[in-house]
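Chemist: Mind having a look at this structure? Questions to follow.
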Amino acid sequence: MLRYMLRRLLGMIPTLFVISLLIFLIIELPPGDYLSNQIAALRAAGEGASADKIAFLRTEFALDRPFLERYFIWIGLWPGPTGFSGLLQGDWGWSFEYNAPVETVIGPALPLTIILNFATILFVYAVSLPIGVYSAMKQYSFGDYFFTFLGYVGLATPNFLLGLVLLYYSNVWFGMSIGGLMDPVYVDAPWSLAKVGSLLSHLIVPTIVIGTAGTAGMIRRLRANLLDELDKQYVQTARAKGLSEERLVAKYPLRMALNPFVADIGNLIPSLVSGSVIVSVVLNLPTVGPILLDALQSQDQFLAGFILLFVAILTLIGMLVSDVLLAVLDPRIRLGGAARK
C-alpha cells in the first residue's frame, strides 16, 4: 500500500503540470488582460500618464512576453523580471484587482474553504449512506417513497433559495447572524473556543445548502448499486443458508455497492467549489468562490489561475483518498494491481 501511494503521489506531479498548463491556457484565451483593459479605459478618459504607468507594469510582470515564457515564469521554471520567482518558489503571484499579493487576498479564505468543503463531504456521506441502505433494503416501502420524494425536492430546489430560507429561520429561531461563517465580532478576533463555536454553528446552513444536491444524488446511486447486488446469486445462496439479512448486507453486498460511492470523493470536491460560488455570494461566505468569480470577471489571471490550481490539487488529493479506500474495501483492486506487476 505504501508503494502504491508513493507511485500515485509521483504520478500527481506530471498531472499537475498538465493541469496548470491547461488552466493558464484557458485564462489566456479571452483577448487582452486586466492591465490592457485598464490602459484602454484610462486612455479613453484622457489619462495618458496613468496609462503609461500601467503599461510599465505589463513589462514589470512579464505580461508582454510570449505565452510559454509567461507560463514558465508563473510556475517558476523560467527567470522573470525579478529572477526565478513563481509557484515553485512559493510566490503565488500578484492580484491586480486587489493590488496585493495573491497569498494576502486568498490567505484567510483558503482554510475556511477547506473546512466548509470537509464539513459538506461529511454531511453528504453521513446522510446518504444510511438512507441509501435503508431505501434499498426497504424497497417500495413508505420510507423509500418518502426519501425518494425528499431527494427529488432537494435536486429541484435552487441552492440559493434554500440558503435564503434557512438563513431567515436560523436568525428568527436561533438568533444567528445573517451571512458569513461566524458572528461579526469574531471576524478579526484571535482564535478562541468562542470563535470556534461560532464557526461551527454558522457552518450548519451552508453545509446543508451546498450538500443537498450531492446528498440526493448519492442516495439514488447507492440505492441502485445495492439493489443490483442484492439480486445476485451469491446473496440468494447466503439467504438460503439462513444468514440474517443485516449481517448478509453488511458483509458482502454493501461493500461491493460502496465502490462507486467511495470513488465519487474525487469528483465531489471540484463540484462543491464550483457549485458553491452562487451560494457563497448569496450567503456572503468568506470563501474562494466569490474571489474566483471576481477574478474571472476582471481577468485577474494570476489570482484566478492559483485558485483553479488549488481546486485541482484538492481534486487530486480526493482521488488519491478514494483510490486508497477502494483498495481497502475491495480486495480485487489490490489483486488486480499485483497481477499487472
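Chemist: Within region 1-41, how many residues are small (Gly, Ala, Ser), over 25 Å from the mean Cα position of the chain (by Cα) and surrounded by 15 or more Cβ atoms within 10 Å (Cβ to Cβ)?
Modeler: Going through region 1-41 one residue at a time, the tally reaches 1.
Chemist: Please name all residue pairs, on different chains or six or more residues apart, with Cβ atoms under 7 Å, provided the first residue is in region 317-340 and is closer than 15 Å to ALA263 by Cα and at pLDDT 60 or above and the second residue is open to solvent by less than 70 Å² (accessible area, probe 1.4 Å) and outside any helix (DSSP H, G or I).
Modeler: Going by the 7 Å Cβ cut-off, there are no qualifying pairs.
Chemist: How many residues does region 252-300 hold that are under 21 Å from LEU110 (Cα atoms) and at pLDDT 80 or above?
Modeler: Final tally of qualifying residues: 22.
Chemist: Condition first: farther than 17 Å from ASP33 by Cβ, polar (S, T, N, Q) and either open to solvent by 50 Å² or more (accessible area, probe 1.4 Å) or out of contact with any Asp or Glu (no Cβ under 6 Å at 6 or more places or on another chain) (or both). Now tell me which residues in region 55-114 satisfy that.
Modeler: THR82, GLN89, THR104, THR113
Chemist: Follow-up. Kindly state which helices (runs of 4 or more DSSP H) lie completely within region 74-192 and contain at least 1 residues that are of a type in the set (Gly, Ala, Ser) and touching a helix residue (DSSP H, G or I) at 6+ places or on another chain (Cβ under 6 Å).
Modeler: It comes to 109-137, 142-156, 159-174.
Chemist: For region 28-42, indicate whether the set of residues that are closer than 30 Å to LEU320 by Cβ, outside any loop (DSSP other than H, G, I, E, B), in contact with a helix residue (DSSP H, G or I) (Cβ under 8 Å, 6 or more places away or on another chain) and modelled with pLDDT of 75 or more is non-empty.
Modeler: The answer is yes; a qualifying residue exists.
Chemist: Kindly check whether there is at least one residue in region 128-138 that is within 30 Å of THR207 (Cβ to Cβ), without any contact (Cβ under 8 Å) to a residue 60 or more places away in the chain and not hydroxyl-bearing (Ser, Thr, Tyr).
Modeler: Within region 128-138, one or more residues are within 30 Å of THR207 (Cβ to Cβ), without any contact (Cβ under 8 Å) to a residue 60 or more places away in the chain and not hydroxyl-bearing (Ser, Thr, Tyr).
The values are calculated or read from the model by the stated rules, or taken from the named source; none is laboratory data. Bear in mind that the values here come from a model prediction, so they are computed numbers and not experimental data. Cβ atoms come from the backbone with ideal geometry, glycine included; neighbour counts cover every protein chain shown. Ligands, DNA and RNA are excluded from the accessible area calculation, which covers all protein heavy atoms including side chains. Shrake-Rupley method; radii C 1.70, N 1.55, O 1.52, S 1.80 Å.
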